[in-house]
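*Asks:* A single structure is presented below for examination.
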Amino acid sequence: ESAGVALDAEAQVSQIQQALVNNLYWVQGKDEQFANAHDYYTALAHSVRNQLLQKRIRTAKTYAQERAKTVYYMSAEFLMGRQLGNGLINLGLYDTMRHALADCGLDLDELLEREAEPGLGNGGLGRLAACFMDSLTTLNLPAVGYGIRYEFGIFTQLIRQGHQVEAPDKWLSYGNPWEIARPDYRVEIKFGGHTEVYKKDGDDDYQVRWIPAQTVIGIPHDVPVPGYGTENVNLLRLWKAEAGEAFDLDAFNAGDYFGAVANKMISENITKVLYPNDETRQGKELRLQQQYFFVACSLQDIIRLHLRDHGSLENLAEFAAIQLNDTHPAIGVAELMRLLIDEYNFEWAAAWQITQRTFGYTNHTLMPEALEKWSVDLFGKLLPRHLEIIYEINHRFLAQVKLRYPNDPDRLERLSLIEEGGERRVRMANLACVGSHAINGVAALHTELLKQEVLQDFYELWPDKFSNKTNGITPRRWLLQCNPRLAQLISETIGDSWITNLDDLKQLEAHLDNEVFRHAWQAIKQENKWSLARYIHDTVGIKVNPDSMFDVQIKRIHEYKRQLMNVLHVITLYNRMVQNPGDHVVPRTVIFGGKAAPGYAMAKLVVKLVNAVADVVNNDPIVAGRLKVVFLPNYNVSQAQRLFPASDLSEQISTAGMEASGTGNMKFALNGALTIGTLDGANVEIREEVGADNFFLFGLTTEQVAACKAVGHNPWCYYDTNPELKRTLDVIASGLFSPGEPDLFLPILDSLLVDDPYMVMADFAAYVQCQEHVSRTYEDRDRWVRMAILNTARIGKFSADRTIADYAREIWKVKAVPVAGE
Ligand code: 26W
């Protein structure tokens with residue numbers, strides 16, 4: 001029996017090696033003599049991809065046979081992270097592969113590093129979509145993720161003289177082994193032109209038709225999405241825009257060959273680059289084109305598949321659940337109506353019922369400036385038929401509202417899909433609410449605030465449409481893959497069921513009093529910190545002390561996330577050392593990572609401030625290595641996978657009521673970091689789960705922030721009454737961090753002292769005091785380790801498997817369709 005297993009394993013290893021050599025030869029066109037690490041990576045990627053495709057083919061057959069209801073997750077962003085390591089883990093091949101490669105003198109870790117990161121998202125929203133795809137497949141739920149194949153993903157962040165500089169992200173330049181283009185499933189997408197009324201032959205009714213001005217082709221690129229320990233493989237289908245077949249025949253015929261080819265670029269621009277704005281809207285025409293393009297492509301694809309399996313669109317909602325990831329795909333509501341009415345001859349009422357039953361809408365932000373609104377003018381030029389349909393939806397909707405609230409013109413104005421007064425604009429959140437049967441927020445607090453504030457009128461109209469679905473993360477990438485040492489210790493201690501049933505981590509609590517276990521836990525954190533220290537040294541040349549507390553804030557740079565408050569704390573610690581060099585301090589390494597939107601001046605200035613403070617603090621002998629500040633350039637998913645396992649302290653310090661959920665907060669806790677945080681987003685629920693004793697809470701609550709603003713927040717009084725805060729701002733004003741540019745940071749000081757919209761001044765004292773408590777706790781290392789273990793043990797709720805199971809049961813009504821093994 002065991003000899004048979006050993007033989008099988010040996011056979012598997014030699015099979016893997018054979019496949020690798022074959023792919024090297026036939027895919028890369030090289031043999032072992034000329035192959036470099038990248039060739040080996042590509043060959044290996046093809047081996048894994050081939051296995052995934054085999055499973056994908058069987059999955060597609062099973063789903064079609066079973067006529068299964070399918071989830072279509074529409075998202076302008078999918079921040080998938082690297083695929084090779086994840087594919088190996090999900091296929092159960094990771095260890096075998098490592099040995100098979102080592103046998104040929106190859107290092108798996110080195111090959112994994114060769115993969116370009118597919119950065120097709122900005123931050124939380126895109127990464128959530130990626131975690132959801134992993135969980136959908138792991139739960140055997142039939143699903144397709146629909147999105148955009150950006151030729152350039154989120155920009156590469158460089159730091160030059162402490163300033164952020166953006167460079168293009170050429171992630172496709174060495175090819176992409178994970179995608180397969182499907183030109184046979186191409187679709188045509190129209191833009192512009194006008195509409196006209198006509199009479200169909202033999203029909204008394206008038207119909208509308210759209211005479212577009214331009215046609216673009218959408219080519220699907222399929223990426224297989226494996227699940228953990230399952231035969232199922234779902235698809236991520238990303239659309240690339242190309243010019244129409246005879247893209248400009250007239251110009252060709254007129255002899256303008258060059259002009260015709262140049263014209264091609266206009267179409268291809270649509271999927272050229274990801275907009276790098278997070279939470280701020282820019283009413284750019286190209287962005288609306290991107291949104292319509294991928295949604296229209298996806299709806300045609302959904303309809304093609306549905307008609308193939310079910311013959312008629314009458315029952316679309318029974319077999320298709322389309323989820324709108326924020327309002328970016330909300331134009332889908334108007335597009336499905338157009339398809340049903342103009343192309344498939346449905347009556348309005350029937351089309352509307354199908355549409356509403358098919359769509360669900362997830363809101364991801366409370367920030368008013370992030371709510372998408374498109375100028376009616378721009379909208380009508382690009383999508384004239386859709387604008388008509390939106391007006392008709394609005395007309396019928398408001399008539400219904402008027403019946404319910406006969407004398408409430410203000411309410412009508414607020415609910416309208418069209419914002420009046422000034423430039424008229426289409427409100428995409430209102431369109432999404434009206435066109436969906438389910439609306440959800442992404443954390444308990446966020447959903448409550450949606451109901452009470454941003455979407456209050458819709459909540460009063462349809463309370464039953466609303467629900468909460470607290471975000472989650474995939475434990476595969478965010479523990480098993482990124483923290484193999486901790487994953488192994490956990491599996492040795494409680495078994496490996498936690499990988500697909502994260503609540504089982506609770507069993508770790510029984511081992512809390514086991515000293516050997518606690519020491520092993522601490523040793524792993526220490527090793528992870530050593531390896532991060534090496535990475536920091538290699539990337540930015542800073543030597544950090546691995547025995548110091550690793551205090552980490554990694555997320556997009558945004559004023560509401562308050563990286564500034566963190567820097568102010570660092571300056572305060574520095575001031576103390578300068579004033580009282582002999583005082584005892586708990587050594588810290590404060591690590592920042594994150595990108596600022598290229599047009600967001602204040603966020604970019606914060607990046608510069610962090611780097612400037614680092615320059616001073618890291619080089620002052622008085623500090624004597626007790627405080628180090630590190631800004632890691634180009635934070636992305638791959639870097640995150642190094643950071644979470646090595647963190648001691650997780651900074652989740654947004655102004656209460658502003659962070660919808662956060663998901664990094666969950667990744668830290670899962671990897672045994674303790675949180676210092678406000679009562680915001682999912683922090684509230686994390687604290688509930690891990691226990692108040694195991695969470696460092698500080699700061700104003702949402703209600704207190706609102707009350708403070710209502711009476712008129714006066715930041716000056718904090719400056720006047722808190723000498724340490726005064727000193728900290730004075731040091732910035734002195735120019736210590738901006739030699740030769742004394743006014744550089746004035747906009748930051750102005751913002752803090754004039755209106756302080758994010759309540760940094762109001763929360764500062766509480767934050768500093770809480771940080772002192774953190775330091776004292778860290779000194780009692782055994783206590784800290786116990787708290788860390790409890791964080792990991794009690795974080796099970798935040799598995800994306802739980803989140804997806806909730807969506808599946810309560811919104812999508814989809815059931816698992818497991819694919820049988822070979
Ligand atoms: C139109 C510009 C724009 C672009 C992106 C507006 C808004 C966005 C996203 C909705 C921003 C985003 O990523 N939101 C984050 O979503 C995460 C997943 O739900 C939450 O955990 C974060 O709190 C939220 O900021």
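*Asks:* Can you work out which of the residues in the stretch 67-108 that are assigned to a helix (DSSP H, G or I) and of a type in the set (D, E, K, R) is farthest from the ligand (Cβ to nearest atom)?
*Replies:* Residue satisfying both the conditions and the ranking: Asp103.
*Asks:* Take the stretch 169-189 and flag every residue that is surrounded by fewer than 17 Cβ atoms within 10 Å (Cβ to Cβ) and basic (Lys, Arg).
*Replies:* Lys170, Arg182
*Asks:* Within 30 Å of Glu279 (Cβ to Cβ), crowded, with 22+ Cβ neighbours inside 10 Å and touching a helix residue (DSSP H, G or I) at 6+ places or on another chain (Cβ under 8 Å), is that true of Tyr72?
*Replies:* Criteria met by Tyr72.
*Asks:* Enumerate the pairs (first residue in the stretch 220-240 and among the small types (Gly, Ala, Ser); second residue anywhere and part of a loop (DSSP other than H, G, I, E, B)) with beta-carbon separation below 8 Å, excluding pairs fewer than 6 apart on the same chain, so at least 6 apart or on different chains.
*Replies:* What qualifies is Gly227/Leu139; Gly227/Asn140; Gly229/Gly92; Gly229/Thr500.
*Asks:* Of all the residues that make up the stretch 492-523, how many are within 28 Å of the chain's Cα centre (by Cα), closer than 25 Å to Leu643 by Cβ and assigned to a helix (DSSP H, G or I)?
*Replies:* So the answer is 4.
For every residue, the table says whether it meets (1) within 14 Å of the ligand (Cβ to nearest atom); (2) under 17 Å from the mean Cα position of the chain (by Cα); (3) in a strand (DSSP E or B); (4) not assigned by TED's automatic domain parsing to the domain that holds Val613.
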| residue | (1), (2), (3), (4) |
| --- | --- |
| Val630 | no, no, yes, no |
| Asn634 | no, yes, no, no |
| Gln639 | no, yes, no, no |
| Arg642 | no, no, no, no |
| Ser654 | yes, no, no, no |
| Ser661 | yes, yes, no, no |
| Lys667 | yes, yes, no, no |
| Gly672 | no, no, no, no |
| Ile676 | no, no, yes, no |
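*Asks:* So which residues in the stretch 27-49 are part of a loop (DSSP other than H, G, I, E, B), on the phi < 0 side of the Ramachandran plot and small (Gly, Ala, Ser), if there are any at all?
*Replies:* Residue satisfying the conditions is Ala35 alone.
*Asks:* Does Val48 qualify as being in contact (Cβ under 8 Å) with a residue 40 or more places away in the chain, in contact with a Ser or Thr (Cβ under 8 Å, 6 or more places away or on another chain) and hydrophobic (A, V, I, L, M, F, W, C)?
*Replies:* no
*Asks:* Scan Asn263, Asn232, Asn253 and give me the residue that is modelled with pLDDT under 95, in the same structural domain as Thr138 (by TED's automatic domain parsing) and farther than 22 Å from Phe293 by Cα.
*Replies:* Answer to the selection: Asn253.
*Asks:* I would also like to ask the following. Identify the single condition in (1) of a type in the set (Ser, Thr, Tyr); (2) under 20 Å from the mean Cα position of the chain (by Cα); (3) farther than 26 Å from Ile57 by Cα that Thr137 does not satisfy, given that it satisfies every other one.
*Replies:* It fails just one condition, (3).
*Asks:* Where residues in the stretch 799-822 are among the aliphatic types (A, V, I, L, M) and over 23 Å from the mean Cα position of the chain (by Cα), which of them is nearest to Leu502 (Cα to Cα)?
*Replies:* Ranking the qualifying residues of the stretch 799-822, first place goes to Ala816.
*Asks:* May I pose another question? Could you list, in sequence order, the residues of the stretch 114-132 that are away from the ligand (no atom under 16 Å from the Cβ) and buried (at least 22 other Cβ atoms within 10 Å of the Cβ)?
*Replies:* Glu115, Pro118
*Asks:* A further question on this structure: Going through Leu111, Leu158 one at a time, which residue ends up being in contact (Cβ under 8 Å) with a residue 60 or more places away in the chain, away from the ligand (no atom under 16 Å from the Cβ) and not assigned by TED's automatic domain parsing to the domain that holds Ile303?
*Replies:* Criteria check complete, one pass: Leu111.
*Asks:* Mind checking which pairs have a first residue in the stretch 425-444 that is in the same structural domain as Tyr361 (by TED's automatic domain parsing) and assigned to a loop (DSSP other than H, G, I, E, B) and a second that is away from the ligand (no atom under 15 Å from the Cβ) and hydrophobic (A, V, I, L, M, F, W, C), Cβ under 6 Å, 6 or more apart or different chains?
*Replies:* Hits for this filter: Ser436/Phe359.
*Asks:* Being in contact with a helix residue (DSSP H, G or I) (Cβ under 6 Å, 6 or more places away or on another chain) and among the basic types (Lys, Arg) is the requirement here; does Lys61 meet it?
*Replies:* no
*Asks:* Moving on. Looking at the stretch 265-282, I want the residues that are hydroxyl-bearing (Ser, Thr, Tyr) and have a partner that is within 10 Å of the ligand (Cβ to nearest atom) with Cβ atoms under 6 Å, at least 6 apart or on another chain. Which pairs are those?
*Replies:* Note: pairs meeting the criteria are Tyr275/Arg287; Thr280/Glu369.
*Asks:* Within the stretch 260-293, count every residue that is assigned to a loop (DSSP other than H, G, I, E, B) and either within 15 Å of the ligand (Cβ to nearest atom) or in contact with a His (Cβ under 6 Å, 6 or more places away or on another chain) (or both).
*Replies:* The total comes to 11.
Conditions tested, residue by residue: (1) outside the structural domain of Ala370 (by TED's automatic domain parsing); (2) part of a helix (DSSP H, G or I); (3) in contact with a Pro (Cβ under 8 Å, 6 or more places away or on another chain).
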| site | (1), (2), (3) |
| --- | --- |
| Thr539 | yes, yes, yes |
| Val544 | yes, no, no |
| Ile557 | yes, no, no |
| His569 | yes, yes, no |
| Gly582 | yes, no, no |
| Leu605 | yes, yes, yes |
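*Asks:* For the stretch 428-467, which positions are within 13 Å of the ligand (Cβ to nearest atom) and not small (Gly, Ala, Ser)?
*Replies:* Selection gives Met428, Asn440, Val442, Leu445, His446, Thr447, Leu449, Leu450, Val454.
*Asks:* So Lys529 ticks every box in (1) among the basic types (Lys, Arg); (2) out of contact with any Ser or Thr (no Cβ under 9 Å at 6 or more places or on another chain); (3) surrounded by 13 or more Cβ atoms within 10 Å (Cβ to Cβ) but one. Which box is left unticked?
*Replies:* Lys529 satisfies every listed condition except (2).
*Asks:* Output the qualifying pairs, or none if there are none: Cβ atoms under 7 angstrom, residues six or more apart or on different chains, first residue in the stretch 187-209 and part of a loop (DSSP other than H, G, I, E, B), second residue of a type in the set (Gly, Ala, Ser).
*Replies:* Every condition considered, the pairs that remain are Gly192/Ala213; Gly193/Ala213.
The values are calculated or read from the model by the stated rules, or taken from the named source; none is laboratory data. None of the values given here were measured: they were computed from a predicted structure. No Cβ is skipped: glycine too gets one built from the backbone with ideal geometry, and neighbour counts run over all protein chains shown.
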